[in-house]
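Worksheet: one structure, shown below.
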Amino acid sequence: TFTPCADCSTPTTQPTNIQVDITTDIIKGSFVPATAADHSLVVLSTEPLKTLPTDGKFYKTGDSIASAIVLGYYTDTLFSNLDEYEEIVIEIKPETKYYVTVFAANSYCMYGPKYNTTNPLVKEVTSLPAAPASVEIVNTNTTSIEVSATANASGHDVVIAYTDVPNANDYGAYLGCGLFGVPKGNVAVGDEIEGGGKVIYVGKAGVNAK
């Protein structure tokens, strides 16, 4: 005999405790899923959502919900705009305000998915400025290197750092670049960057740093 799955019911709660990290072009985060849901739909938008997901419709990464874009339909607690190979699959713009909205959903059942669209979990974040337009070595000698950076289109200040540690992959193969971490908070000349690098200049672009 065959017993069909029960009909889907709308989750009664929403995910909680969202955490989001955003850079110029990468957004990552996590949340605590709703206890009464088997999936979570994560949507990225530049304004609060006006159009909500539709029951019975499955959404995948890159799908649109009006002007919003779907980051993913997850059973996991993590989300990002990267694929499994850490390649960007959803583009985000620098210096842009984004809203990350998470809906609880049920789809391990008949006639689903069913989305809880009442008071979804929302987090507002702003991406970081674009990188400097260029950086060049303007002078070298036996004891020093002089570096200059050109500002981005918005004219932001720059942070210049150096490292003498080569970057390598998990197999020990040199990747052709230095090992750098990501600066956090306010940094000053002489600061060590967690993950690699030492700050040698902070300030206006176009100034030679040694």
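Taking all protein chains together and rolling a 1.4 Å probe, Leu179 ends up with roughly 60 Å² accessible. How big is the accessible area of Ile69 in square angstrom, nearest 10, if you roll a 1.4 angstrom probe over the protein chains? We get 50 Å² for Ile69. Model label sites at Met110 and Glu86, defined 7 Å from Cα along the beta-carbon direction, differ in position by 4.6 nm.
When the residues Asp7, Asp170, Asp63 are ordered by accessible surface, computed with a 1.4 Å probe over the protein chains alone, the sequence from largest down reads Asp170, Asp7, Asp63. Here's the list of aspartates and glutamates a cross-link from Lys60 could span, going by alpha-carbon distance under 19 Å and ignoring same-chain residues fewer than 8 apart: Asp38, Asp76, Asp83, Glu84, Glu86, Glu87, Glu91. Listed as lacking a disulfide-compatible partner in the chain: Cys5, Cys177, by the criterion of no other cysteine Cβ under 4.7 Å. Restriction of the chymotrypsin sites (Phe, Trp or Tyr not before Pro) in the range 6-62 to DSSP coil positions whose beta-carbon has at most 16 other beta-carbons within 10 angstrom yields Phe58. Accessible surface area normalised per residue over the range 73-140 is 59 Å², counting heavy atoms of protein chains with a 1.4 Å rolling probe.
Mind scanning Lys28/Lys93; Lys97/Lys198; Lys28/Lys50; Lys50/Lys97 and naming the pairs with a C-alpha gap bigger than 19 Å? The partial results should precede the final answer.
Working: Lys28/Lys93 14 Å; Lys97/Lys198 30 Å; Lys28/Lys50 23 Å; Lys50/Lys97 16 Å.
Check vs 19 Å cut-off fails for Lys97/Lys198; Lys28/Lys50.
The values are calculated or read from the model by the stated rules, or taken from the named source; none is laboratory data. Since the model is a prediction, treat every value here as computed from it, not as a measurement. Don't worry about glycine lacking a Cβ; one is built from the backbone with ideal geometry, like all the others, and counts go over all protein chains shown. Keep in mind that these areas ignore ligands, DNA and RNA; they rest on the heavy atoms of the full protein, side chains included. Shrake-Rupley method; radii C 1.70, N 1.55, O 1.52, S 1.80 Å.
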